[in-house]
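A short worksheet on the structure shown next.
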Amino acid sequence: MTDISTRSAGGGAAGAALSLKKLAPAVFLAPAVLLLAVYLIYPLIDSFRLSLLDWNGLGANARFVGLDNWKKLATDALFWEAAWNNILLAVFSVLIQMPIALILAVVLDNAGKGSRILKILYFLPLLMSSVALGVLFKYFYDVNFGPLNALLDYVGLGSLAQDWLGDTRFALGAVIAVVCWQFIPFYMVLFMAGLASFPAEISEAAKLDGASETTIFWKMKLPHLKGTLRTAIVLSVIGALRYFDLIYVMTGGGPEGASELMATYMYRNVFSSFQLGYGSTVASAMFIIVILIASVLLRFSKRYETEV
Amino acid sequence: MTSITLSGVNKSFGANFPVISGVDLKIDDGEFCVFLGPSGCGKSTLLRMVAGLETAYSGEIRIGDRVVDKVEPADREVAMVFQNYALYPHMSVYDNMAFGLRQAKTPKDEIDRRVREAARILQIEPLLDRMPKALSGGQRQRVAIGRAIVRQPKVFLFDEPLSNLDAALRVHMRSEIATLHRNFPAASMIYVTHDQTEAMALADKIVLLHAGKDMLKHGSIAQVGKPLDLYHRPRNLFVAGFLGSPTMNFIEASFAGQQADGARVALKSGEEIVVPVDGSTLAAGAAVTLGVRPEHLAPVAASGAALGAQTLTRRVSAVEHFGEYSFVYLDGGTPAPLIAKVAGDGGFKAGDSASFAAPADCCHLFDADGIALSHL
């Protein structure tokens, strides 16, 4: 009897240890899962649920309308114009930010210790809040008192002075320029980190082989940076597709929707027009578009993935 | 002419941090010269100055008849093999080897011929289409050597090329580098290592370098010469202690007088040893250091030497057996134990009293400044 009870007690202890072992990962993961569930998964699912309602978001007057909001979205020219603006922002972000960031990174990488102050100066725009930047550049572009037009006047190009943010032809371009100015330092730092990890011996071997600095850059350093470039492009595109704050502060999406983005359009629908249901449809569509474009981008750039 | 001449070469990183001091050195045509020394002695820096990757603070470097101080690395007709191989990671083995020739605008068919010839010599023909990441350490090292060979340089520079390889591969590649030297007799080679075995095995000439305070006091070069000259006739205590494993035994002693067959020294333990050197410059009773290598201490019974003549008797503190030979650790008279290297297991055990002969020809004597007294 004693023997049996001892064995059974031992078996119980082993079982408890086993279940504790299984429980431990769950316990450690729980806080992260809980945060993700509350702040990401639930809002996402709820946003899809809300997209099926006609609701102003204020009372108990929500009405289930099925896919009506989605049908409306499919034919909503304003939404597609906003989506197109997002794509323009993404394309110009990549085309402008990447080369300039790369050039700055290469220059600062070669500049040695003397470039420390420059590195800090170049990084400053990223440290400023988008709202502050927005206010600053709203003044910069001001048609009457803005330094830009004043500068154009000063150098004799007064005929080129424009209502940069009030003209449908220039509003999006003016805002894209600020977005690029804000984010170039971020990609510059990414590229500088990539260049810093380039082995000095390879440069030296190439020098002994007779390669010029230009050849070393194109044939050695640029291929070394391909993984970093891929990451930067993906980040830039995703960021552009989700962009909101600077545009909202500078133009609010105007004039006449010329600088409207999906996010500002969603915001206007929810908080200005009080169409929570339709706004949620825009948000959900935005999520799907971002996921689709990011997936395609990642798939086609897989060969440039950083090797670890 | 592929000789290399360094005259009065100095190098410092910043005003207060000299790394190379007063190097005067001539490396002859086709000579295999090894820069050897402890970490931080500046051997790689010296090599990089020859390559043109570092500039000398002062002095002159010639390759052949040409002063190369202001010549670009690519125009010095040198090729270098790096410690970490430094292969171009985004190029195939073929392109790695062809890169330098393409930069020099060599015709395509000539590039192809040279790359395939080097690949044949190094037995890496099947690897030509592979990328560096798909190669083992030994294969990468061959490719790095191949990249050097195709340029047909006048001088090959090796910067610790074997230090990333495992012990067995290191021995193998060492013999391949020796073969390479035989295959390219016209090219001079400079090889940097901290491994004395590599230096002894490969070198026609060893340049042993000082580090730290010794460098500041005596200059960078401790001794230059053939490997066995440095081994058998070290110029000072540093050289004597650096070459040989285990290191040479050093025993404090005093000069007891000069006689026809050499200087007689009295050890603190009471024994007297005669060393065939000229001690005429020493005053009676002057402090000296006796040096004798572990492999030269012969057990008295085995050597047949008469007890008392050139003999050291000590208590055995420990024995290490390696099958082919044993190290016998001996207590007494020195801060560190004396070590004797004996054949087989030696038949010693800890606690025994053992006597070892120190043959006069194999003994070295250093004055109070650590300078070796010249042999008779």
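The values are calculated or read from the model by the stated rules, or taken from the named source; none is laboratory data. None of the values given here were measured: they were computed from a predicted structure. Quick reminder, even Gly has a Cβ in these numbers, built from the backbone with ideal geometry, and neighbours come from all protein chains shown.
Can you confirm whether the stretch B:49-70 contains a residue that is within 14 Å of another protein chain (Cβ to nearest Cβ), within 21 Å of A:Lys219 (Cβ to Cβ), surrounded by fewer than 20 Cβ atoms within 10 Å (Cβ to Cβ) and of a type in the set (S, T, N, Q)? Within the stretch B:49-70 (the criterion being within 14 Å of another protein chain (Cβ to nearest Cβ), within 21 Å of A:Lys219 (Cβ to Cβ), surrounded by fewer than 20 Cβ atoms within 10 Å (Cβ to Cβ) and of a type in the set (S, T, N, Q)), the answer is no, since none of the residues qualifies. The residues on offer are A:Ala161, A:Ala82, and the sole one that is farther than 21 Å from A:Leu241 by Cβ and of a type outside the set (Asp, Glu) is A:Ala161. Reported count of residues in the stretch A:156-190, each being of a type in the set (Gly, Ala, Ser), outside any loop (DSSP other than H, G, I, E, B) and more than 30 Å from A:Asn110 (Cα to Cα), is 5. The combined condition, being in a loop (DSSP other than H, G, I, E, B), of a type outside the set (Gly, Ala, Ser) and within 15 Å of B:Thr334 (Cα to Cα), is not fulfilled by B:Thr289. Comparison of B:Ser280, B:Ser269 shows that the only residue that is assigned by TED's automatic domain parsing to the domain that holds B:Lys341, loosely packed, with under 15 Cβ neighbours inside 10 Å and without any contact (Cβ under 8 Å) to a residue 40 or more places away in the chain is B:Ser280. If you check A:Val155, A:Val189, A:Val234, A:Val178 for being surrounded by fewer than 17 Cβ atoms within 10 Å (Cβ to Cβ), of a type outside the set (Phe, Trp, Tyr), more than 14 Å from chain B (Cβ to nearest Cβ) and under 26 Å from A:Leu118 (Cβ atoms), only one passes: A:Val155.
Evaluated against (1) within 14 Å of chain A (Cβ to nearest Cβ); (2) touching a helix residue (DSSP H, G or I) at 6+ places or on another chain (Cβ under 7 Å), B:Lys105 falls short on exactly one condition, (2). Screening B:His90 on (1) in a helix (DSSP H, G or I); (2) within 11 Å of another protein chain (Cβ to nearest Cβ) shows it passes everything except condition (1).
All of (1) under 18 Å from the mean Cα position of the chain (by Cα); (2) crowded, with 18+ Cβ neighbours inside 10 Å; (3) charged (D, E, K, R) hold for B:Arg140 with one exception: (1). Scanning the stretch B:123-159 for residues that are out of contact with any strand residue (DSSP E or B) (no Cβ under 7 Å at 6 or more places or on another chain), aliphatic (A, V, I, L, M), touching a residue at least 40 places away in the same chain (Cβ under 8 Å) and under 21 Å from B:Ala104 (Cα atoms) turns up B:Val143, B:Ile149, B:Val150.
Within the stretch B:108-135, the set of residues being more than 12 Å from chain A (Cβ to nearest Cβ) and not in a helix (DSSP H, G or I) comprises B:Gln123, B:Ile124, B:Leu128, B:Asp129, B:Arg130, B:Leu135. Pull up the stretch A:98-118, narrow it to residues that are among the charged types (D, E, K, R) and either in contact with a Phe, Trp or Tyr (Cβ under 7 Å, 6 or more places away or on another chain) or surrounded by fewer than 16 Cβ atoms within 10 Å (Cβ to Cβ) (or both), then point me to the one that is farthest from A:Arg230 (Cα to Cα). Checking each candidate, the answer is A:Lys113. The listed residues are A:Ser115, A:Ser129, and the only one of them that is closer than 22 Å to A:Ala232 by Cα and of a type in the set (S, T, N, Q) turns out to be A:Ser129.
The set of residues in the stretch B:155-168 that are within 13 Å of chain A (Cβ to nearest Cβ) and of a type in the set (D, E, K, R) comprises B:Asp159, B:Glu160. Here the stretch A:254-308 is the region considered, the condition is being within 14 Å of another protein chain (Cβ to nearest Cβ) and in a helix (DSSP H, G or I), and the residue that is surrounded by the fewest Cβ atoms within 10 Å (Cβ to Cβ) is A:Arg303.
All of (1) under 26 Å from B:Arg170 (Cα atoms); (2) outside any loop (DSSP other than H, G, I, E, B); (3) within 14 Å of chain A (Cβ to nearest Cβ); (4) not hydroxyl-bearing (Ser, Thr, Tyr) hold for B:Gly138 with one exception: (3).
Residue count for the stretch B:177-212 satisfying the condition of being in a helix (DSSP H, G or I) and either of a type in the set (Ser, Thr, Tyr) or in contact (Cβ under 8 Å) with a residue 24 or more places away in the chain (or both): 14.
B:Ala301 - would you say it is part of a loop (DSSP other than H, G, I, E, B), surrounded by fewer than 20 Cβ atoms within 10 Å (Cβ to Cβ) and of a type outside the set (Val, Ile, Thr)? Spelling it out, it is not the case that B:Ala301 is part of a loop (DSSP other than H, G, I, E, B), surrounded by fewer than 20 Cβ atoms within 10 Å (Cβ to Cβ) and of a type outside the set (Val, Ile, Thr). Candidates are the residues of the stretch A:201-228 that are in a loop (DSSP other than H, G, I, E, B) and crowded, with 20+ Cβ neighbours inside 10 Å; the one that is nearest to the other protein chains (Cβ to nearest Cβ) is A:Asp209.
In this structure, B:Glu77 qualifies as among the charged types (D, E, K, R) and under 27 Å from B:Leu53 (Cβ atoms).
The selection criterion, being within 24 Å of B:Thr2 (Cβ to Cβ) and touching a helix residue (DSSP H, G or I) at 6+ places or on another chain (Cβ under 7 Å), holds for B:Pro227.
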